Amino acid sequence: MFLKNTYNELLKIVYKPRSYIGIAGITIIIGIILFAMKMDGMFYISFITGQFEQSLTFEGHILNGNLIGFIVLQMLIIHVPLLIAFVTGDLISGESAMGTIRLLLTKPLSRNSILFSKFLASCIYTLIVVVWLAFLAVFLGRLLFGVGDLIVLKSDGLTILQQDDISWRFYCGLFMAFLSLVMVATLSITLSCFSDNSIGPIVSTMGIILVFTIIGTLDVPIFDSIRPFLFTTHMAAWRFFFDDPLEWEQIKQSIFILLAHIVFLLGLAMYKFNKKDILS
Amino acid sequence: MKEEINIVEVRNLVKYYDQFCALEDVSFDVYQGDIFGFLGPNGAGKSTTIRTILSLIKPTSGSIKLFGKDLNKHRNEILSKIGSIVEKPDFYKYLSAEKNLEIFARISGKDISKKRIHELIEFVGLKGREKDKFSGFSHGMKQRLGIAQTLMHDPELIILDEPTTGLDPQGIIDIRNLILQLKSEYNKTIILSSHILSEIELIANRMIIINKGKTIVQGNVSELLNSQELIVSFTVSDTANTKAIIQQSVYAASFLYEKETQIFLQITHPQIALINTLFCDAQISVYAIETKRKLEDYFLKLITA
């Protein structure tokens with residue numbers, strides 16, 4: 001029954017027009033980036049390499065698909081959570097707003113089973129979005145711009161990764177991006193349990209991400225103790241896979257913090273959803 | 001005597017929303033084959049009771065047993081035997097009628113074939129519209145789809161909360177006939193909540209009236225109504241003579257007023273036949289005997305008491 005309901009939840013996502021806004025949004029944004037890079041990519045590259053031209057000489061195919069993939073991932077990490085929350089924030093509150101929650105909860109399924117079906121469906125939707133993002137950014141990027149070594153610009157310098165050392169880093173980086181987006185989806189589903197309208201949880205999710213990001217980036221000592229525990233601090237953890245050597249401790253810590261947030265929020269969602277009186 | 005099988009057993013149901021008491025010690029039984037009418041004014045607690053039976057609302061205290069089993073302990077097993085419409089039939093607007101039924105069929109606890117879904121679509125008169133999106137349906141069509149969803153898994157107990165709200169007269173008659181058909185042909189047990197008193201009077205065999213969260217009265221519909229005095233009008237050939245006969249008889253106190261060829265009396269059900277005999281013996285022609293809508297008077301009397 002759980003799997004049948006998960007299939008139902010996926011069908012609802014497939015048939016709901018808003019599910020395609022995220023995918024269309026990603027396609028358009030990446031399309032614009034690819035077009036801009038194709039037209040004026042070398043200008044962008046010279047802006048990066050210009051800072052090092054007195055001490056380094058760059059040779060070879062610098063503007064390549066790997067660099068494009070990396071740039072796209074970096075730019076989209078702000079937008080994709082919004083697009084995910086747009087669908088997942090509606091999963092429970094949308095049922096309340098439409099009135100279908102009454103019908104759903106009078107079927108022989110436990111409330112936990114309904115909640116986990118929605119969570120699993122949102123994970124699958126998130127995975128589809130990440131795979132589509134990877135296809136456009138990395139696969140299409142490589143097709144249009146070819147392959148080559150990857151130059152990663154960091155605050156403390158440059159890292160140059162060899163061409164044959166990059167693909168696995170993308171896979172792992174995308175997995176981390178997936179994990180942080182599942183965290184966003186879980187947050188919006190949890191908020192969805194507290195609301196009876198569709199917009200509230202979506203706006204609240206973005207509000208929380210915004211506030212936590214501001215706290216995380218403010219260089220004020222009072223926030224030093226909480227910064228490592230904010231999930232937003234770990235949302236860019238996919239970048240750790242483009243360090244050389246890899247900082248495994250940081251990666252493990254990020255995975256742990258994100259998973260801990262997911263488990264805590266699911267627990268909170270279960271508590272609220274099970275206690276909720278359906279009055280709508 | 002045929003033993004009555006208890007399908008719903010509600011005992012001492014209490015529900016508080018913070019300080020507000022929505023239900024106060026409500027108890028009732030619904031037996032197999034009953035069409036059980038649930039009556040009460042707005043805010044009386046009808047929907048709260050129905051939602052509690054369907055586990056949409058958790059009671060503050062009290063117990064609910066369905067099919068002899070505790071709702072808390074056997075929730076899923078119990079819900080698989082119930083079909084319901086709560087308040088209004090809401091479905092996914094972006095899906096077709098057929099897809100909506102398929103979605104709910106999948107989680108009904110029984111294997112429901114596409115053939116069964118198409119049979120039900122035809123049964124409720126939506127054939128030819130099954131591929132249309134729910135968002136384009138009229139209220140009557142939505143109600144019909146709701147009925148199809150309710151019957152899909154062949155439930156033993158059907159709970160209909162205000163099933164005729166917003167329907168046109170033909171729609172109301174259709175739903176009424178459908179309910180009677182479900183009872184007579186399939187021996188379903190039906191709980192019917194309605195504001196339309198004549199609807200309950202026409203089709204329910206047992207009923208409960210609640211007000212302000214409390215049970216006012218419950219029992220067999222005909223027994224409850226027949227135990228009350230009715231306002232009965234006799235259309236007669238000679239009102240002056242009829243009035244005189246009444247005032248000389250033991251029914252003098254029952255006389256209310258006269259209007260054209262009608263005499264209005266407040267009498268009990270068995271007294272109708274006795275008074276008719278009295279008129280016939282006095283050679284007064286009786287052309288019609290009409291009772292005012294009984295349940296409406298009874299309901300108002302109880303609610304305003």
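With the requirement that a residue be aromatic (F, W, Y) and either within 30 Å of B:K46 (Cβ to Cβ) or under 17 Å from the mean Cα position of the chain (by Cα) (or both), what does region A:243-256 give you? If you could, list the steps in order and put the result at the bottom.
Residues of region A:243-256 that are aromatic (F, W, Y), as a first pass: A:248, A:256.
Selection gives A:F256 alone.
Step by step: first the residues of region A:257-273, then only those that are within 14 Å of A:L115 (Cβ to Cβ) and free of Cβ contacts under 8 Å to residues at least 40 places away in the same chain, then the one that is farthest from the chain's Cα centre (by Cα). Which residue is that? Steps first, answer last, please.
Initial filter on region A:257-273 (within 14 Å of A:L115 (Cβ to Cβ)): A:262-263, A:265-273.
Right, trim to free of Cβ contacts under 8 Å to residues at least 40 places away in the same chain and you get A:263, A:267, A:271.
Numbers: A:V263: 17, A:G267: 21, A:Y271: 26 Å.
Taking the candidates together, the pick is A:Y271.
If only one of A:A237, A:A185 is closer than 22 Å to A:I128 by Cβ, modelled with pLDDT under 90 and surrounded by 15 or more Cβ atoms within 10 Å (Cβ to Cβ), which one is it? Even if it seems obvious, please write down each step before you answer.
Numbers: A:A185 fails: modelled with pLDDT under 90.
Of A:A237, A:A185, the one residue that is closer than 22 Å to A:I128 by Cβ, modelled with pLDDT under 90 and surrounded by 15 or more Cβ atoms within 10 Å (Cβ to Cβ) is A:A237.
Only a single criterion out of (1) surrounded by 11 or more Cβ atoms within 10 Å (Cβ to Cβ); (2) hydroxyl-bearing (S, T, Y); (3) over 24 Å from A:L73 (Cα atoms) is not satisfied by A:T232, namely (3).
For region A:11-30: of the residues being among the hydrophobic types (A, V, I, L, M, F, W, C) and crowded, with 18+ Cβ neighbours inside 10 Å, which is nearest to B:K133 (Cα to Cα)?
Within region A:11-30, the subset among the hydrophobic types (A, V, I, L, M, F, W, C) is A:11, A:13-14, A:21, A:23-24, A:26, A:28-30.
Then keep just the ones that are crowded, with 18+ Cβ neighbours inside 10 Å; that gives A:13, A:26, A:29-30.
Numbers: A:I13: 16, A:I26: 28, A:I29: 32, A:I30: 33 Å.
Within region A:11-30, the match that is nearest to B:K133 (Cα to Cα) is A:I13.
A single member of B:L180, B:L197 is under 17 Å from the mean Cα position of the chain (by Cα), exposed (fewer than 15 other Cβ atoms within 10 Å of the Cβ) and of a type in the set (A, V, I, L, M, F, W, C), and it is B:L180. Here is the figure for region B:222-265: residues that are in contact (Cβ under 8 Å) with a residue 40 or more places away in the chain, in contact with a Ser or Thr (Cβ under 6 Å, 6 or more places away or on another chain) and aliphatic (A, V, I, L, M) total 3. On inspection, B:H139 qualifies as surrounded by fewer than 22 Cβ atoms within 10 Å (Cβ to Cβ) and closer than 24 Å to B:R51 by Cβ.
Taking (1) modelled with pLDDT under 85; (2) more than 21 Å from B:P155 (Cα to Cα) in turn, B:N187 satisfies each apart from (2).
Taking strands (runs of 3 or more DSSP E) that fall entirely within region B:46-165, which contain at least 3 residues that are more than 13 Å from chain A (Cβ to nearest Cβ) and more than 18 Å from the chain's Cα centre (by Cα)? Walk me through it before giving the result.
Numbers: elements: B:61-66, B:82-85, B:157-161.
So the answer is B:61-66.
Of all the residues that make up region B:8-50, how many are over 21 Å from B:S84 (Cβ atoms) and among the aromatic types (F, W, Y)? Matching residues across region B:8-50 total 3.
In the set (1) more than 23 Å from B:M141 (Cβ to Cβ); (2) outside the structural domain of B:F28 (by TED's automatic domain parsing), B:L66 fails one condition alone, (2). Among the candidates B:D90, B:D25, the residue that is crowded, with 17+ Cβ neighbours inside 10 Å and farther than 19 Å from B:I179 by Cβ is uniquely B:D90. The set of residues in region A:10-40 being assigned to a helix (DSSP H, G or I) and within 14 Å of another protein chain (Cβ to nearest Cβ) consists of A:L10, A:L11, A:K12, A:I13, A:V14, A:Y15, A:S19, A:Y20, A:I21. Scanning region A:124-137 for any residue that is within 12 Å of chain B (Cβ to nearest Cβ), touching a residue at least 60 places away in the same chain (Cβ under 8 Å), crowded, with 21+ Cβ neighbours inside 10 Å and under 30 Å from B:G109 (Cα atoms) turns up nothing.
Among the residues of region B:213-249, which ones are out of contact with any strand residue (DSSP E or B) (no Cβ under 8 Å at 6 or more places or on another chain) and either among the basic types (K, R) or more than 18 Å from B:K292 (Cβ to Cβ) (or both)?
Going residue by residue through region B:213-249, those that are out of contact with any strand residue (DSSP E or B) (no Cβ under 8 Å at 6 or more places or on another chain) are B:222-223, B:225-228, B:238, B:240-241, B:244-245, B:248-249.
Of everything in region B:213-249, those that are out of contact with any strand residue (DSSP E or B) (no Cβ under 8 Å at 6 or more places or on another chain) and either among the basic types (K, R) or more than 18 Å from B:K292 (Cβ to Cβ) (or both) turn out to be B:E223, B:D238, B:A240, B:N241, B:A244, B:I245, B:Q248, B:S249.
Table: residues versus (1) at pLDDT 90 or above; (2) in a helix (DSSP H, G or I); (3) of a type in the set (A, V, I, L, M); (4) within 16 Å of A:F175 (Cβ to Cβ).
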{"site": "A:L246", "(1), (2), (3), (4)": "no, no, yes, yes"}
{"site": "A:I251", "(1), (2), (3), (4)": "yes, yes, yes, yes"}
{"site": "A:A260", "(1), (2), (3), (4)": "yes, yes, yes, no"}
{"site": "A:N274", "(1), (2), (3), (4)": "yes, yes, no, no"}
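The values are calculated or read from the model by the stated rules, or taken from the named source; none is laboratory data. Being a predicted model, the structure only gives us computed values, none of them experimental. Cβ atoms come from the backbone with ideal geometry, glycine included; neighbour counts cover every protein chain shown.
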